[in-house]
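Nothing in this text is a laboratory measurement; each read-out follows from the coordinates by a stated rule. Quantities reported herein were computed from a predicted structural model and do not represent experimental measurements. Every residue, glycine among them, receives a Cβ derived from its backbone with ideal geometry; neighbour counts consider all protein chains shown.
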Amino acid sequence: MDDFFEICETDNCCDTKRNIPLIGDVAPEFTASTTNGKIKFPDDFVGSWVVFFSHPADFTPVCTTEFVAFQKNMREFEKINTRLLGLSIGGLTSHLGWFDAISKMPDGIDITFPLIDDLNMKVAKLYGMLQAGASDTHAVRAVFIIDPNGIVRTVLYYPASLGRNMSEIWRILVGLQTADEFGVALPANWAPGDNVLSPAPTTSAEMREKNNKNTWFMNYKKLDKKDIYEKICKKDTDKK
Ligand code: BEZ
């Protein structure tokens with residue numbers, strides 16, 4: 001144990017020495033210019049789930065495929081009350097030039113979600129998006145999923161060489177909302193429509209009551225897709 005603490009006295013070790021918002025933390029506040037105008041975060045996004053994602057740099061191939069993928073799926077994210085917010089270490093002129101290039105590609109698309117101007121890396125540093133082992137000047141591919149109350153609920157990091165998976169990000173958002181709404185947990189590889197897990201018994205009476213065939217602490221139950229979507233999908237009548 002002593003060794004552990006000794007090791008952690010050194011630089012570059014332990015998240016307490018780095019600025020990385022973790023699950024359950026209040027999302028750090030900032031103001032920034034974006035390609036859609038100025039924002040105050042998270043205040044301007046309260047009431048929606050947010051996928052806040054960073055990119056190493058503008059005009060890079062993997063990032064470009066991710067931008068197209070995020071944009072193509074934006075409507076699916078909006079249906080589950082989720083807004084997208086991107087960050088790339090560059091200024092607005094560079095961001096707009098990149099958007100223009102993306103719109104002119106053979107499979108091009110107009111990027112409409114906001115991309116933060118973070119030339120001075122202020123926001124990237126605040127969110128632990130700069131990781132010295134990878135690069136001092138390019139953000140890693142970070143994803144922060146932040147809930148409608150401004151609390152960090154999921155943190156993902158990907159290396160520069162691997163583009164993110166939109167289906168997994170969507171699954172995390174549906175999973176978090178399902179867990180919140182129905183008080184359940186979700187097993188490995190869960191997708192809407194699969195069985196969910198009820199909390200394990202906490203008293204011996206509850207344990208004896210349980211009469212399914214599975215091990216006493218594994219309490220599966222059905223949860224219809226339709227019931228999930230009914231609860232979590234934004235209705236046209238919902239306020240913005
Ligand atoms: C890319 O998006 O293609 C990329 C960005 C930084 C380093 C390597 C690849």
Task: Percent of Cα-Cα distances greater than 23 Å, calculated over the chain - done: 57 percent
Task: Separation of alpha-carbon centers, the range 141-156 and the range 120-136, rounded to whole Å - done: 17 Å
- [ ] Evaluate the relative contact order of the chain (contact order divided by residue number), counting alpha-carbon pairs under 8 angstrom at least 6 apart; express in whole percent.
- [x] 21 percent
TODO: Give me the angle, in degrees from 0 to 90, between the Cα long axis of helix 92-103 and the longest principal axis of the Cα atoms of the chain, rounded to the nearest 10.
DONE: 70 degrees
Open item on the list: Helix-only mean residue ellipticity at 222 nm, the chain, DSSP H runs n ≥ 4 weighted -39,500 (n - 2.57), per residue, nearest 500. What is it?
Closed with: -9000 deg cm²/dmol
Open item on the list: If neighbour count is taken as other Cβ atoms inside 10 Å, put Ser54, Ser167 in order from fewest to most.
Closed with: Ser167, Ser54
Open item on the list: Order these by the 10 Å Cβ neighbour count, fewest first: Phe41, Phe53.
Closed with: Phe41, Phe53
TODO: Would you work out if the range 177-239 is rounded, prolate or oblate? Take a ≥ b ≥ c from the square roots of the eigenvalues of the alpha-carbon gyration tensor; rounded if a/c is under 1.5, else prolate when a/b is larger than b/c, oblate otherwise.
DONE: prolate
TODO: Springs between alpha-carbon atoms under 10 Å, Gaussian network over the chain: tell me which of Ala69, Ala191, Ala200 tops the mean-square fluctuations.
DONE: Ala200
Task: Environment charge of Lys221, counting only residues whose C-beta is closer than 13 Å and scoring Lys/Arg +1, Asp/Glu -1 - done: -1
Task: Greater than 29 Å apart at Cα, pairs in Lys40/Lys104; Lys104/Lys225; Lys40/Lys234; Lys122/Lys231; Lys72/Lys226 - done: Lys40/Lys104; Lys104/Lys225; Lys122/Lys231
Open item on the list: Taking R0 as 45 Å, what FRET efficiency do you get between Thr31 and Ser198 from their Cβ-Cβ distance, rounded to the nearest 0.05?
Closed with: 0.60
Task: Dimensionless Rg/Rh of the range 21-164 - Kirkwood Rh, Rg from C-alpha atoms - done: 0.93
Task: Order of Val155, Val196 - criterion: other Cβ atoms within 10 Å of each residue's Cβ, fewest first - done: Val155, Val196
